[in-house]
Amino acid sequence: MTILVTGATANIGRKVVDHLLGLGVTDIRALTANPRKAALPAEVQVAEGNPRRPDTLAKVFDGVDRMYLAPNSDTTADLLARARAAGVRHVVDLSGEPESWWGTVSTAVEDSGLAWTHLWPADFMENSLTWSDQIRSTGTVREPRPDAASAPIAMDDIAAVAATALLDDTHFGRSYPLAGPEILTRTDLVRALATALGRDIAFAPSTREETIAALTPAMGETATWYVDNALTSFGESTDALPIGSVHDITGRPATTFAQWALDNVAGFR
C-alpha cells in the first residue's frame, strides 16, 4: 500500500512523512517540486511534481492507494480526478468547513468520488511566529483584542492526526475540526512566550491599521488578510472548540502552547 504525501516539504506535509515513518509505514511517496532540495529520509520515495500544475503528475499516482492532500484550491478537482483514475482509494485533506476560505477544497474532495477524511484545524500555534519581528525589535505585541481566545494547535499534532487517519479506514467520511488542548487568550500566548524566552513582552491593544503595520515586516501583503479574517474569528463560540480532538484521534496528548513555545524559542530571537 503506497501512501502519497503532497506538499511533502511544506510545514505539515513534511511532518506527515515523519509520523508515517514512526508508525512503521515503509511505502511512502513524497511529492515535491524540487527533489534535489527535499532532504527527505532515504527510505522515502521522492516524486517530482507540482500540484498546482497537474500536468506534471503523470506517474505520481501509479500504485498509490491513499494520499494526504495539502490545501490548494486552484487545481484540486483536476488533481483528484487524476488520482481517482489511477486507482487512489482514500484522501485525507487539510482544508476547512465549506463556508471557510478552504471550503472549496473540502467540496472538491467530496465531489471526487474518493473516500475522504477532512481535517479542519483552526488557529496554528505557528501563527504566533508572525509576532517574532516586533518581539525582537520592540518587546511588544500589537493586536486589537487582548482577550480574544482560541485553542491553537501545533502543526506536528495535525500531522499526527493525518498519519493516523491515513492508516485506518474507520476515519472514512469523517470531518474532524481540530484544536489544541486548551483555550488561550492573546495575552495568555504572549505570557507563555515571555516565560519561554525569559524576557518581558508587553501586549499593546492596537487599531486595525497599527496591527497591520506591526505584522507587515513578518507577513508582507498577507498581514491585511490575516488581521481582517483570522484575527476576527478568535473569541467566537470557544465553548465548542474541540480541545480533546488530537488525543481522541491519535491516543497521544496534544502539545501545549507552553511546550511549543519552549521548543521554538529560536524563532523569536
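Taking each residue as 0.36 nm, the span from residue 42 to residue 210 lengthens on full extension beyond its C-alpha to C-alpha distance by 55.8 nm. Both radii were evaluated on the Cα set of segment 4-66; the Rg over Rh quotient, with Rh as the Kirkwood radius, amounts to 0.93. If you average the alpha carbon positions of segment 160-190 and of segment 210-269, how far apart do those two centres end up, in angstrom? Centre-to-centre distance over Cα atoms comes out at 13 Å.
Roughly speaking, what % of Cα-Cα pairs in segment 177-256 are separated by over 19 Å, rounded to a whole number?
Values: 1708 of 3160 pairs.
Everything past 19 Å amounts to 54 percent.
For segment 55-184, the Cα gyration tensor yields ellipsoid semi-axes of 33, 16, 13 Å (square root of five times each eigenvalue, largest first, whole Å). Each residue, residue 99 and residue 34, gets one label point 7 Å from its Cα in the Cβ direction; the gap between the two is 4.0 nm.
Label point of residue 252 set 7 angstrom out along Cα-Cβ; within segment 1-33, amide nitrogens under 17 Å from it belong to 12-26.
Legend: translational diffusion of segment 2-121 by Stokes-Einstein, Rh = Kirkwood radius over C-alpha pairs, 20 °C, 1.002 mPa s; D = 152 µm²/s.
Once the Cα-Cα distance is subtracted from the 0.36 nm per residue extended length, the residue 59 to residue 265 segment shows a gain of 70.0 nm.
For the chain, the Kirkwood hydrodynamic radius from C-alpha pairs, put into Stokes-Einstein at 20 °C and a viscosity of 1.002 mPa s, yields a diffusion coefficient of 110 µm² per second.
Across segment 100-139, the residues whose backbone nitrogen lies under 14 Å from the label position 7 Å along the beta-carbon direction of residue 229 are 100-106, 122-124. A Förster radius of 22 Å, combined with the Cβ-Cβ distance separating residue 115 from residue 73, puts the computed FRET efficiency at roughly 0.60.
Taken together, the values in this text are just the output of simple stated rules run on the coordinates, not laboratory data. Just so it is clear, the model here is predicted, and its values are computed rather than measured. Here Cβ is always computed from backbone atoms with ideal geometry, including for glycine, and neighbour counts include all displayed protein chains.
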